[in-house]
Amino acid sequence: MADQKKKNLPPEAQKYQDFQTKREVKRPLLKNCIKAFLVGGIICFIGQIITTFYIYNFNFTEQTAGNPTVATLIFITMLLTGFGVYDRIGQFAGAGSAVPVTGFGNAVIASAIEYRTEGFVLGVGGNMLKLAGPVIVYGVFSAFVVALIKTILVQWGGL
């Protein structure tokens, strides 16, 4: 397919594309995957430590410790993003820092910090949820659909 596109290009464009391909920096894919895996795993490990802390110190159950754990991780992310540390973690780890809930928190908080000069209502409030809003809506809607399907199956099938 790429060769067909090259055939349709003028000769100068073909030469430039060949020149660009030869000099393109090859990304260390395996190294990037390992870094993402390790950093994402460390973040999840920290989350597990926080969950265990809530279970043994505040008498939460495994089911009820999830919400305070997520809130704590987002709070830690907020602090790290505010001090510029989470950005360096993200540059090092790539998707390893973006996939857990901390990546979501970082996206929301970074938007809030970026637009703070425009005021709290129009700047922070108006722009903070540009990225996070669709994620929240999709998550809530998906949870509703799954709960609806489960309810129908339980009513009809007696699961």
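The values are calculated or read from the model by the stated rules, or taken from the named source; none is laboratory data. Because the structure is a prediction, the values reported are computed rather than measured. When we count neighbours, we look across all protein chains shown, and the Cβ atoms used for this are built from the backbone with ideal geometry, even at glycine.
Listed values, structure above:
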{"quantity": "When residues of the stretch 90-132 are limited to those that are outside any helix (DSSP H, G or I) and over 8 Å from the mean Cα position of the chain (by Cα), the one modelled with the lowest pLDDT", "calculated": "MET128"}
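Table: residues versus (1) closer than 24 Å to ALA132 by Cα; (2) at pLDDT 95 or above; (3) charged (D, E, K, R).
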| site | (1), (2), (3) |
| --- | --- |
| THR52 | no, yes, no |
| ILE55 | no, yes, no |
| ASN59 | no, no, no |
| GLN63 | no, no, no |
| THR72 | yes, yes, no |
| THR77 | yes, no, no |
| GLY82 | yes, no, no |
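Listed here are the residues, each with its yes/no results for (1) in contact (Cβ under 8 Å) with a residue 60 or more places away in the chain; (2) closer than 26 Å to TYR115 by Cα; (3) in the same structural domain as TYR115 (by TED's automatic domain parsing); (4) surrounded by fewer than 16 Cβ atoms within 10 Å (Cβ to Cβ).
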{"position": "GLU12", "(1), (2), (3), (4)": "no, no, no, yes"}
{"position": "ALA36", "(1), (2), (3), (4)": "yes, no, yes, no"}
{"position": "ILE42", "(1), (2), (3), (4)": "no, no, yes, yes"}
{"position": "ALA71", "(1), (2), (3), (4)": "no, yes, yes, yes"}
{"position": "ILE74", "(1), (2), (3), (4)": "no, yes, yes, no"}
